[in-house]
Amino acid sequence: MAARDITIATAKVAAEIFESSRAMERIEQDGYTRIDPFRIAAGEGVSVLLRPMEKLLGAFVREDSPGILVNSARSAGLIHMTCAHELGHYFMGHQSTVDETIDYGAQAELMEQEAETFGYHLLVPRPLLSIICKRKGWSKASLNNPHVLYQMSLRLGVSYAAAAWSLVRHQILTYGAVQELLKVQPASIKQALLQGQLPDSTKDVWLFDDTDQSSVLEPRPEDHLVVRLRSHASAGYLWQAESVEQVAEQGFTLAPLISSRPVDSRDVVFGAEVTLDYLLSKERKDVQQSHPVALSEVRPWIGKQQGDASFHSRTHFEPIAEGLSRESKLALIQEVVGS
Amino acid sequence: MTGASQSDRNDFGDRLRQAREYVGLSQEEVATALGLSRPSITNIELGARKVEANELGKLAKLYRRTLEYLLTGIEPAPSGPEQMAFLARAVNGLSDKDLEEVARFAEFLKQSGRNRGE
């Protein structure tokens, strides 16, 4: 089968899954930003188990009941794409198989090309790219910026490299442009965002700004969250959590990332629009539901006034730990409770 | 009580704990599924509380292990060569540990199918 035929066949299957799983509604109506392969698997009754493995990325096993095994010792993006690839084996009717890689290329056997192409169709459908670009105000040209591409990859839930290649698949960027983007290490992007204070380069760094206000973002509990806010510090304003109750309930704190920008006194113009980056930390991370991030910019000595700036977004932490996926665990518990 | 039966009981508790950890369930979640308190699960795993037959049946279902395995530690006979042929094909590049993981997962799925079929 030619590459074009594989693309058409797998895109058709993926489209049917979007229809039956309502995965796009979750994005368009609920504000999420990615297709969750664990949810798709659960909807099909396919168990997903994460285990630390040495060389294997994943396996699809069709026993009396079908299942997907994924290497838990990899990044979230790679874990999601591996799961999507194994779902490709399931939906395309393949037999049990193990994958040491999920980047097969045109020389690989048909089965692997199908699973690989399916994985990209499932996690990065073209309409999803358009939705994210629209929310974020990103143009086609801005995707050539490694910082933009990295934030795009986090919202899609795929690796930086997979996000780059998906743009070639959709003929949004050229092969050459992607080669340039891949010369940039995501670790250096993360380091820049945290102003050189990133302790572990395997953790992701999310940048929240005004354009994320209608979205539900899904970081892992151990990721770093940076909020870029328009600041009127020169007029005595300070950003803080909207209410004391919220701080107490959700245990989140906001601290300015100061060290970074050298303050040049010539740049300080009273009333001018400047942005400041804050580090958002949460002590308690309830992974069962989404939570609001509500901040306001107030003058501490007056308190919150009408007309003060505010920022509202949502996070729904995605735990990725050894064992069954969150959805598979729920199904199992419900089965036993009901027995 | 003799020393031997004491250690048998701890082996039993350890098998339950390991089976729980494999599927990634917390003691709290297992307690919810069985309608017990969390300390009861802790005590069962420590060998300090007796397990009723119906509770054991539910644990076997939840962990996708056979009753025989949970009680004696004897693993079910490995799947036939047909089922695991895909592993034989892949054996070249795989480490023993990874092979073991896939075989273990296949057994988990086999028990899942049995449970659903009942």
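Step by step: first the residues of region A:308-339, then only those that are assigned to a loop (DSSP other than H, G, I, E, B) and away from chain B (no Cβ under 14 Å), then the one that is farthest from B:L62 (Cα to Cα). Which residue is that? Explain how you work it out, then say what you get.
The first filter runs over region A:308-339 and keeps only residues assigned to a loop (DSSP other than H, G, I, E, B), leaving A:308-309, A:316-322, A:325, A:338-339.
Retained after the next criterion (residues that are away from chain B (no Cβ under 14 Å)): A:308-309, A:316-318.
Working: A:D308: 52, A:A309: 50, A:H316: 27, A:F317: 25, A:E318: 23 Å.
Applying the filter and picking the extreme gives A:D308.
Can you pull out every residue in region B:88-112 that is touching a Ser or Thr at 6+ places or on another chain (Cβ under 9 Å), modelled with pLDDT under 80 and at the interface with chain A (Cβ under 7 Å from one of its Cβ atoms)?
B:A90
Determine, yes or no, whether A:A42 is surrounded by fewer than 23 Cβ atoms within 10 Å (Cβ to Cβ), touching a residue at least 40 places away in the same chain (Cβ under 8 Å), in a helix (DSSP H, G or I) and within 14 Å of chain B (Cβ to nearest Cβ).
Working: surrounded by fewer than 23 Cβ atoms within 10 Å (Cβ to Cβ): yes; touching a residue at least 40 places away in the same chain (Cβ under 8 Å): yes; in a helix (DSSP H, G or I): yes; within 14 Å of chain B (Cβ to nearest Cβ): yes.
Yes: the conditions hold for A:A42.
Among the numbered criteria (1) out of contact with any strand residue (DSSP E or B) (no Cβ under 8 Å at 6 or more places or on another chain); (2) farther than 19 Å from A:I172 by Cβ, which one does A:E86 miss?
(1)
I need the full set of residues from region A:295-327 which are modelled with pLDDT of 95 or more and buried (at least 17 other Cβ atoms within 10 Å of the Cβ), in order please.
Within region A:295-327, the subset modelled with pLDDT of 95 or more is A:322-325.
Listed by number, the residues that qualify are A:G323, A:L324, A:S325.
Restricting to region B:34-47, what's the tally of residues that are more than 14 Å from chain A (Cβ to nearest Cβ), in contact (Cβ under 8 Å) with a residue 24 or more places away in the chain and not charged (D, E, K, R)?
3
Taking the residues in region A:170-200 that are in contact with a Lys or Arg (Cβ under 9 Å, 6 or more places away or on another chain) and among the hydrophobic types (A, V, I, L, M, F, W, C) as candidates, determine which candidate is modelled with the lowest pLDDT.
Restricting to residues being in contact with a Lys or Arg (Cβ under 9 Å, 6 or more places away or on another chain) and among the hydrophobic types (A, V, I, L, M, F, W, C), the top hit is A:L198.
State which residue pairs qualify: first residue within 23 Å of A:S215 (Cβ to Cβ) and inside region A:10-25, second residue among the small types (G, A, S) and surrounded by 14 or more Cβ atoms within 10 Å (Cβ to Cβ) in any location, beta carbons under 8 Å apart, and separation of 6 or more residues or different chains.
Partner pairs satisfying both residue conditions: A:I17/A:A23; A:S21/A:G43.
If you check A:D103, A:D204, which single one turns out to be within 18 Å of A:S75 (Cβ to Cβ) and surrounded by fewer than 21 Cβ atoms within 10 Å (Cβ to Cβ)? Steps first, please.
Values: A:D204 fails: surrounded by fewer than 21 Cβ atoms within 10 Å (Cβ to Cβ).
Every option except A:D103 fails the conditions.
Identify the single condition in (1) in a strand (DSSP E or B); (2) closer than 20 Å to A:F317 by Cβ; (3) free of Cβ contacts under 8 Å to residues at least 40 places away in the same chain that A:L69 does not satisfy, given that it satisfies every other one.
Going through the list (1) in a strand (DSSP E or B); (2) closer than 20 Å to A:F317 by Cβ; (3) free of Cβ contacts under 8 Å to residues at least 40 places away in the same chain, A:L69 breaks only (2).
Restricting region A:133-177 to residues that are surrounded by 21 or more Cβ atoms within 10 Å (Cβ to Cβ) and of a type in the set (F, W, Y), which is farthest from A:F38 (Cα to Cα)?
My answer is A:Y150.
Report yes if some residue within region A:89-98 is of a type in the set (V, I, T), crowded, with 21+ Cβ neighbours inside 10 Å, touching a strand residue (DSSP E or B) at 6+ places or on another chain (Cβ under 8 Å) and assigned to a helix (DSSP H, G or I); otherwise report no.
no
The values are calculated or read from the model by the stated rules, or taken from the named source; none is laboratory data. Just so we're clear, the structure is a prediction, and the values are computed from it rather than from any experiment. Counting neighbours? That spans all protein chains shown, and the Cβs are built from the backbone with ideal geometry, glycine included.
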